Structure formats: C-alpha cells, structure tokens
Amino acid sequence: MTKLRRGSGRGARAAAAVAVLTLVVTGVAAGSAQAAGSTLQAAAAESGRYFGTAIAAQRLNDSTYSTIANREFNMITAENEMKMDATEPSQNQFNYTNGDRILNWALQNGKQVRGHALAWHSQQPGWMQNMSGTALRNAMLNHVTQVATHYKGKIYAWDVVNEAFADGSSGARRDSNLQRTGNDWIEAAFRAARAADPGAKLCYNDYNTDDWTHAKTQAVYTMVRDFKARGVPIDCVGFQSHFNPQSPVPNNYQTTLSSFAALGVDVQITELDIEGSGSAQAENYRKVVQACLNVSRCTGITVWGVRDTDSWRASGTPLLFDGSGNKKAAYTTTLNTLNAGGTGTPTPTPTPTTTPTPTPTPTVTPTPTPTPTQNPGGACSAALTIANSWGGGYQATVTVTAGSAGLTGWRVTLPSGVSSNNVWNGVLSGGVVSNAPYNGTVAAGQSTTFGFIGNGNAPAAGALSCA
C-alpha cells in the first residue's frame, strides 16, 4: 500500500527509455541472464508469470538494494512516486521526475512497470482534498487522463482505482470525497484511463479482499461482475495480500483468485508482505505462491519492498530478504514453489456469499514497534512511531499497551496539528482515535496497534495520551 516528486526531465533520457521499451514490452519473461529458475523472476517466467517488487526512487542509489531488485524482479511498481500527491502537487501542474526515474531504471534493466495509482481517496494533494462535487470529479478525471497519457505505451498495468471499498461487514463503498461525487466515479476513472492509454491493462486494487466469504471481497466481486457485464473497461483485479500471524493466509485464498478470474479478468497479487520469520513465514509465502500458480489467470506476484528494512511494516520483517540483503527461508521456499509450478487450473467458481460474515481482523496491522511503559490499574499507554515519510505526508503506527488490569476499550489523542483521512484499526473523531470493534479488548500487558496516513510534516515520535 504505499512517496516523492519534481518537474519533468524528458529529452535524451526519455528517448532512451522508449528505445529500451521496444525490447522488453514483448514479454515479462525477459530480464535476467541467470540460469532459468535461479532467481525469482526466472522461476516465475517458466510459467509465464512475473515476479515483481515495489521500488522507492531514493533507494536506487543503495547498491545492495538496486542489485537485488535488478537480479530478482522483472516487474516494478513505484511505491509512491506515481500517486496523486506526487504527480500533481499543484492543480494542473504535473511533476513526473521521480516516477520517470523509476520507469527509466526499470526499462533500462529489461523490466516492465505497474502504474500505482491513478485515483485514490488517500495521498491526495492538499488542493484536491479541499474539493468536492463536479469540480472534484473533473479534477480527478483530468488527473487520470494526464498521468496515463504521460506514461502511455510504457506501463504494463495501472491500478486505476485503489481501496474504494469500506472494511467491515457492510459491503459498502468507502465514504470519501471521490465517492461523494457519485457512485459512478470508479467507472468514470476506468473509462478515462482506457481512452488515455488503450494498451495498458486496467486494474482495481484493494486490501482485505483475500477471504472469499468476507463482505468486502463480495462487494468488489459484484462490482467487477457488473463492469464486465456492461462493458466497463476492466482487465484485472489486484489483491494487496498483507498478512500477519493474527490475520494469516485464508484457506480459501485460491478460491478467491479463481472466482475473480472466472469473471474474465486477470488476477494479480500486488503488494504481498507476510509478517513473521522462519518456517512459519515461509509456509505462508508458499501458500500464496502456490495459489497463484494454480490459477491460470493469476499473472504475477509483487512483494511490497526489497528488504525487511525497506518495508512499511519493517518491524514485522515481512519480506524475502533481511535488512542486510540476505535471502531468508521464505525466499528459498518461494523460489522452490515457483520452480515446482502448479496446476494452472482455476477451481470452480462458488456462488457469491449473500450474507456478510463478521469483520475480519484487518490484514494491514503492523506488529508492535515500540514497547511503551505500561501503566497500572487498567490504564493504557500509547507510543507513536513514523514508519515512512515523504514530501507532503507520512505513515504512522501507534502501539497501545494495556496496564495490569487489561482493557475493554481505548482512546488515544493524536498530537496537535495531525491531519489524516486514512486511519486503519481505529476510528478517528476530532483528533482522537478510539478502538475498532475488534481490537478494544487487550489483555494485561499486551498490545494492539493502529495506523494512519498523515498530511504535511510528521510529528515527533514518542508517547501519546491514552485512556
């Protein structure tokens, strides 16, 4: 799920990128000179799939980082550099510097690029956050058109719309300024993207859609089925697939992938990270990779970051390489699974669930980073850390720890001046975040977390007021 920017430097560099593009656009199997199956990209290519990663422009100068990325992956996603706040910081003034840097690095190294993301309720530039109605709708469509046109012919697939459905059991659209412009805003964005770049695959991307029985999964499925029936241009569905020990890979994960594929769309695992370590983490990676291999229209897997220390969930060590760039057990299992292959046959599509199940534990919960001082007698403590930051925004994690009597609910006051329109694992009201329905009960001495994307400059890490 997850930043940088500046003015557009075209010229000889852009011409070189186009020249390289003609060499790589014919297939994702191109890229590594390694023996087949010795790297993630080579092993995935054996079955006609890609294996990708998310790249941050500022880390490309890190030789360990760039060497692993070049060797192992053949599909590249910009972590934040192609998002709305990065590409249009001021209305109708577009800035592609860092997005172009990632694109050119990828193409010059024989890779393809997933564009992420054209329209999203979060990481909007400040000028857009203050808009509504027809003005906002027109600004959104202009943004989609301008950005997709800039990258026309160079992007394998776009996440056209990101995270438009609400968590929980309602199966409803997320309440956002874009949603309030009219329920057809997603369709409008897809049609604008197709007009701007007819050659790119157009995807809807979301998290907490991995379990087939969950209301959010069913709501997205219903939308995609409707789009296909009415000829709305949608080619693929992205599953972020953020897992941890409290929210593991569901047993029906393959059913979810095959059910969407049966609608006539490709399915892609777009932001994979699995918290944990050792054999348990490796087994969860095996389950995800095997499920993709068993579904013929699962065209590829992208992990969200290169090394554990590059991850937005770094404390949970969720990736395939440790902070020093060493291959982990999860890497070996993933490589072996890719080389073993799969059936490539989708499982039969079940009848969509009509009765929503209770809200699952969200998959985006990072493991606790700090260990705040515990307060006695049922009180709680809270500690804020900054997981990631970029020009104009940041991502924060808050760990709530119960005292000796445990908690049946909690409220954390955010620092003065914090502005956010994207909070998970909590409910924001007037600068105070209270527990979600599923994480209010915390045993004595134990912790839970919530997170948020903030606008502007990040506050200092440290203790917060908790009640």
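The values are calculated or read from the model by the stated rules, or taken from the named source; none is laboratory data. These numbers were taken from a predicted model, which means no experiment stands behind them. Quick reminder, even Gly has a Cβ in these numbers, built from the backbone with ideal geometry, and neighbours come from all protein chains shown. The area values use the complete protein model at the heavy-atom level, side chains included, leaving out ligands, DNA and RNA. Shrake-Rupley method; radii C 1.70, N 1.55, O 1.52, S 1.80 Å.
From the set of residues in the range 117-136 that are of a type in the set (A, V, I, L, M, F, W, C) and either open to solvent by 10 Å² or more (accessible area, probe 1.4 Å) or modelled with pLDDT under 95 (or both), which is nearest to Asn177 (Cα to Cα)? Talk me through it step by step, then tell me what you get.
Taking the range 117-136 as the starting set, the residues that turn out to be of a type in the set (A, V, I, L, M, F, W, C) are 117-120, 127-128, 131, 135-136.
Next cut, either open to solvent by 10 Å² or more (accessible area, probe 1.4 Å) or modelled with pLDDT under 95 (or both) only: 127, 131, 135.
Working: Trp127: 12, Met131: 8, Ala135: 11 Å.
The selected residue is Met131.
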Notebook entry, point to check: If you take the residues in the range 232-271 that are in contact with a Lys or Arg (Cβ under 9 Å, 6 or more places away or on another chain) and charged (D, E, K, R), which one is farthest from Ala164 (Cα to Cα)?
Noted result: Asp266
Check: Consider Phe227 against the criteria (1) under 16 Å from Ala119 (Cβ atoms); (2) open to solvent by 30 Å² or more (accessible area, probe 1.4 Å); (3) in contact with an Asp or Glu (Cβ under 9 Å, 6 or more places away or on another chain): it satisfies all of them except one. Which criterion is unmet?
Finding: (2)
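Quick one: which of Val144, Val161 is of a type in the set (Val, Ile, Thr) and assigned to a strand (DSSP E or B)?
That would be Val161, the only listed residue that is of a type in the set (Val, Ile, Thr) and assigned to a strand (DSSP E or B).
Could you tell me which of the residues Gly377, Gly456, Gly392, Gly440 is at pLDDT below 85, of a type outside the set (A, V, I, L, M) and either buried (at least 18 other Cβ atoms within 10 Å of the Cβ) or touching an Asp or Glu at 6+ places or on another chain (Cβ under 8 Å) (or both)? Walk me through it before giving the result.
Numbers: Gly377 fails: either buried (at least 18 other Cβ atoms within 10 Å of the Cβ) or touching an Asp or Glu at 6+ places or on another chain (Cβ under 8 Å) (or both); Gly456 fails: either buried (at least 18 other Cβ atoms within 10 Å of the Cβ) or touching an Asp or Glu at 6+ places or on another chain (Cβ under 8 Å) (or both); Gly440 fails: either buried (at least 18 other Cβ atoms within 10 Å of the Cβ) or touching an Asp or Glu at 6+ places or on another chain (Cβ under 8 Å) (or both).
Only one candidate qualifies: Gly392.
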Item checked: Which numbered condition Tyr253 misses (of (1) within 19 Å of the chain's Cα centre (by Cα); (2) over 30 Å from Arg191 (Cα atoms)) -> (2)
Notebook entry, point to check: Is there a residue in the range 106-116 that is among the small types (Gly, Ala, Ser), in a helix (DSSP H, G or I) and out of contact with any strand residue (DSSP E or B) (no Cβ under 7 Å at 6 or more places or on another chain)?
Noted result: no
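Check the range 260-268 and report whether any residue there is at pLDDT 95 or above and in contact with an Asp or Glu (Cβ under 7 Å, 6 or more places away or on another chain). Reasoning before the result, please.
In the first step, residues of the range 260-268 are kept if they are at pLDDT 95 or above; the result is 260-268.
Cutting the leftovers down to in contact with an Asp or Glu (Cβ under 7 Å, 6 or more places away or on another chain) gives us 265-266.
Yes: the range 260-268 contains one or more residues that are at pLDDT 95 or above and in contact with an Asp or Glu (Cβ under 7 Å, 6 or more places away or on another chain).
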Notebook entry, point to check: Looking at the range 147-192, which of the residues that are open to solvent by 30 Å² or more (accessible area, probe 1.4 Å) and among the acidic types (Asp, Glu) is farthest from Asn435 (Cα to Cα)?
Noted result: Glu187
Next item on the list: Could you please find all residues in the range 230-259 being modelled with pLDDT of 95 or more and either at positive phi or hydroxyl-bearing (Ser, Thr, Tyr) (or both)?
Entry: Gly231, Ser241, Tyr253, Thr255, Thr256, Ser258, Ser259
